[in-house]
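The values are calculated or read from the model by the stated rules, or taken from the named source; none is laboratory data. Fair warning: this is a prediction, and the values are worked out from it, not measured in the lab. Counting neighbours? That spans all protein chains shown, and the Cβs are built from the backbone with ideal geometry, glycine included. In case anyone asks, the SASA skips ligands and DNA or RNA and just uses the protein heavy atoms, side chains included. Shrake-Rupley method; radii C 1.70, N 1.55, O 1.52, S 1.80 Å.
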Amino acid sequence: MDITINQLEQDLIRVLVKIELNGVKIDIKKLNDVEHQLLNRLQTTTEKITKIAGAEINLNSNEQLSTLLFEALELQPKVTSKGKSGLISVDKSHLAKLKEDHEIIPLILDYKKINTLLSFCNQLKEVHPKTGRLHCSLNQIGTATGRFSCSNPNLQNIPNVKLKDKDSETDELKIIASKFREVFIVEKGCVLIGADYSQIELRVMTEMSQDSFLLHAYNNGVDIHELTASKVFNCKISEVAEEQRKIAKTINFGLIYGMSAGGLAKSLTTITNKHHSKEDAEKMMSGYFNEFNGVKSCLEGLIDYADHYGYSKTLFGRTRPIPELASNDLEIRERGKRLAKNSPVQGSAADIIKMAMVNCDKAIAEKGLKSKMILQIHDELLFEVPENEVEIMENLIKHEMENVVRLSIPLTIELGKGANWAVAH
DNA sequence: CGTCTCACG
DNA sequence: ACGTACGTGAGACGA
């Protein structure tokens, strides 16, 4: 491991200790209110389901659920995809396909949703008796790529639901789900500031590849998904249709994941609601790599590097062993290639925000400010800021995060503030 | 303790 | 012919 990464992780320890000790303030009253609503809905939903099913059934058991749907109610599964256990999948994407086939399906989907939301209520209730705040563990060596993981409770997977106008009266569960980030509040006299890096992983990809189209786009404020669409569909940027941009966005995501034609096809099918074959996806990918040839050679180079050394490396020297590349099993080697492509991207982004955390902490201390860093969510930092420090902190955060490293393209952040996490995001 | 499901980036 | 992307944690089930 590179010495600068070792130093970074060393410096970071103090920052993480502070974040964990600071904790996050929780609006217990609002949380209880949300829980109450969920419990009510759980009861009515369960009653309806038992009535239709005609018997008590444990909906948390996929086995029992599968028996009910495909044997007792004789529903025809649309896709008979089975996991290792040989059971027909009954996850929400599969259930959604059966929505029209039986009145019980929407109820089951609701039940599952309510259950997961209740689990978040349970986790968030565990505020510390002395501080009255919620203290998670940020696990510094929690992941293979260099990110943190977060546990007890995991505050990096709190539902992030934004309501559109049309949802405001129809989908009650969605409305309840949207409350979860409102529960994250700050002390009286403080403001919550959230700052997240804009497309940091695609920017890292741009830096690593030095692809001329990507460099140009990020240096000139061109919408990256529109650019991608114009290249893949061979049209002018101004002529890109909404759906084409959506597809391009999926391609850009896939790029970061080390996409395969099959994976892209499935994802395209889901987001467009239209079937896309593996061949479709293959065409789009070759179209993409034809244009963005800097990206193409970069990805090939990443595989060669990991193949040669047995590990991948980020822009700043963080390594990840990839023994999968030496496997005799073709599938495992394919996975190794995806890891070799993804890890440097995800890892470099992690390096960048970790450096920014150290710098923000240092700047806050040097200026003798009372503001506190309270959470990191991969590409986002949250701060609890006294009202009289808001302006100085906005400038400080923006400056430290955007200038933490000098790349060929700018790093930009989006900053929001308010009484809770929902409005600060 | 492995598997499945689902929440996040 | 088949399923199908990267990184996590929590919680339930069932062997």
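Under 5 Å from the amide H of A:ARG133 lie the amide H atoms of A:HIS128, each residue being 5 or more positions distant or on a separate chain, with H modelled from the backbone and absent for Pro and chain starts. Residue ranges A:95-101, A:412-418 sort as A:412-418, A:95-101 when ordered by packing (mean number of other C-beta atoms within 10 Å per residue, highest first). Computed over neighbours whose Cβ is under 15 Å from that of A:ILE409, the net charge equals -3, Lys and Arg +1, Asp and Glu -1. Placing +1 on each Lys and Arg Cβ and -1 on each Asp and Glu Cβ, with no other charges, gives segment A:148-222 a dipole about its Cα centre of roughly 140 debye.
By the compact-protein rule of thumb, 2.2 N^0.38 Å, the alpha-carbon radius of gyration of chain A corresponds to a ratio of 1.09. The residues of chain A present an accessible area of 52 Å² per residue when probed at 1.4 Å with all protein chains retained. Every helix of 4 or more DSSP H residues in chain A counts as -39500 (n - 2.57), and over all residues that averages to -17000 deg cm²/dmol at 222 nm. The convex hull defined by the C-alpha atoms of segment A:209-345 has an orientation-averaged projected area of 8.7 nm². The packing ranking, built from the mean of other Cβ atoms within 10 Å per residue, places the peptides A:338-348, A:283-293 in the order A:338-348, A:283-293, highest first. Ranked from largest to smallest solvent-accessible area, with a 1.4 Å probe on the protein heavy atoms, A:SER212, A:SER66 come out as A:SER212, A:SER66. Surface composition of chain A: carbon and sulfur make up 48 percent of the accessible area, probe 1.4 Å. Among the listed pairs A:LYS166/A:LYS246; A:LYS18/A:LYS162; A:LYS125/A:LYS372, those whose Cα-Cα separation exceeds 27 Å are A:LYS18/A:LYS162. A 1.4 Å probe, protein heavy atoms only, puts the accessible area of A:GLU71 near 130 Å². Residues whose amide H comes within less than 5 Å of that of A:LEU375, counting only those at least five positions distant or on another chain, are A:LEU382 (H built at 1.01 Å from N in the peptide plane). Along segment A:395-404 the Karplus relation, 6.51 cos²θ - 1.76 cosθ + 1.60 evaluated at θ = phi - 60°, assigns HN-Hα couplings of 5, 4, 4, 4, 5, 5, 6, 7, 10, 5 Hz to successive residues, with x for each Gly and Pro.
Relative protection proxy for A:256-265, A:123-132, from highest mean packing down: A:256-265, A:123-132 (other beta-carbon atoms within 10 angstrom). What the phi angles of segment A:44-56 give under the Karplus curve with 6.51, -1.76 and 1.60, with θ = phi - 60°, is a coupling list of 4, 5, 4, 4, 4, 5, 5, 4, 5, 5, x, 7, 5 Hz, glycine and proline written as x.
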